[in-house]
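S.K.: Below is a structure I'd like to ask you about.
No value in this document is a laboratory result; all are computed from the given coordinates. Note that this is a predicted model, so its numbers are computed, not measured. A quick note on method: Cβ atoms are made from the backbone with ideal geometry, for glycine too, and the neighbour counts reach across all protein chains shown.
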Amino acid sequence: MTRDLMFKDEIQQLVADAYQKLDEPDGFGAAFYTDEQVASLSTTARSWMLGVGNPLAHARLRSGEVVADLGCGAGVDVLLAAREVGPTGQAIGVDMLPEMIERGRRLADEAGLDNVGFRRGEIEDLPLEDASVDVVTSNGSINLSARKSRVLAEAFRVLRPGGRLAVSDLTIREEELPSEVLTHPSAWAG
């Protein structure tokens, strides 16, 4: 077993438990989006805006592109991306939780978007073909992986030549943490 796999199962269970407890989230992530983006979503979709930023603000999406959102949750960024790439483009959400995939599908149906797809899978082993997407986005999910380098390798695997990566995520400043925290395996995985 490699070092970066040490806490994979525990992290995935913690994430699953946290999302399964969310019946009525408060959409705190809406603050990162434009008023136009927020207004384009249903009330239900707005409540699921739980990200830590707005990767779409930096993705420079264009009509006809294929976008993959890693760790998509309920699919809010997928819905917004689908609108930006238009009917000739496609937005694909990938999440490990079947509940989130189903929620994303319901929100896409509710929004009347037919250029949206959701796939169950881990972001460390994407259920996407090599060089099949133009843009990879992620919003607050890579930090939850015990294998961050694997996530990035997978993102680059699925990107077409000249593709783009737009990520909003949490990071730490190493100089602000004591060495016993920095060298503890669970701190790296968590």
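S.K.: Can you compute 3J(HN,Hα) from phi for each residue in the stretch 152-166, using the Karplus curve 6.51 cos²θ - 1.76 cosθ + 1.60 with θ = phi - 60°, rounded to whole Hz and x for Gly and Pro?
M.R.: Karplus-based 3J(HN,Hα) across the stretch 152-166 equals 5, 4, 5, 4, 5, 5, 7, 6, 6, x, x, x, 10, 10, 10 Hz.
S.K.: Longest span of the chain, sites excluded, free of trypsin sites (Lys or Arg not before Pro) in DSSP loop with at most 16 other C-beta atoms within 10 Å?
M.R.: 63-172
S.K.: In addition: Residue by residue, what Karplus-based ³J(HN,Hα) values in Hz, rounded to whole numbers, does the stretch 44-56 have, using 6.51, -1.76 and 1.60 with θ = phi - 60° and x for Gly and Pro?
M.R.: Working through the residues one at a time gives 5, 4, 4, 5, 9, 7, 10, x, 9, x, 9, x, 5 Hz.
S.K.: Show that you can apply the helix-only estimate: for the chain, add -39,500 (n - 2.57) for every DSSP H stretch of four or more residues, divide by all residues, and state [θ] at 222 nm to the nearest 500.
M.R.: Working: 9 runs with 71 residues, N = 190.
Using -39500 (n - 2.57) per qualifying helix, the result is -10000 deg cm²/dmol.
S.K.: How far apart, in nanometres, would the label points at D35 and D9 be if each is projected 7 angstrom from Cα along the Cα-to-Cβ direction?
M.R.: The answer from the label model is 5.1 nm.
S.K.: Each label point is 7 Å from the Cα along the Cα-to-Cβ direction; what then is the distance between the points at E110 and D26, in nm?
M.R.: Result: 2.0 nm between the two label points.
S.K.: Then there is this: Extension gain I172-A57, at 0.36 nm per residue separation less the Cα-Cα distance, in nm? Walk me through the numbers on the way to the answer.
M.R.: Values: separation 115, 0.36 × 115 = 41.40 nm, distance 2.21 nm.
Between I172 and A57, full extension yields 39.2 nm more.
S.K.: In nm, give the distance between the simple-model label positions of N143 and T88, each being 7 Å from the Cα along the Cα-to-Cβ direction.
M.R.: For the pair N143/T88, the computed spacing is 3.8 nm.
S.K.: Diagonalise the Cα gyration tensor of the stretch 111-177 and give the resulting equivalent ellipsoid semi-axes, square root of 5 times each eigenvalue, largest first, whole Å.
M.R.: Numbers: eigenvalues 118, 44, 30 Å².
Result for the stretch 111-177: semi-axes of 24, 15, 12 Å.
S.K.: Note the full-extension length gain between R119 and E102 as 0.36 nm times their separation in residues minus their Cα-Cα distance, in nm to one decimal.
M.R.: 5.1 nm
S.K.: Can you tell me which of L61, L50, L14 moves the most in a GNM of the chain? Springs connect C-alpha atoms under 10 Å apart.
M.R.: With Cα springs under 10 Å in the chain, the top fluctuation among L61, L50, L14 is at L14.
S.K.: Computed over the Cα atoms of the chain, what is the convex hull's projected area averaged over all directions, in nm²?
M.R.: 11.2
S.K.: Can you compute the equivalent ellipsoid semi-axes for the stretch 46-103, i.e. the square root of 5 times each eigenvalue of the Cα gyration tensor, sorted largest first and rounded to whole Å?
M.R.: Result for the stretch 46-103: semi-axes of 19, 13, 9 Å.
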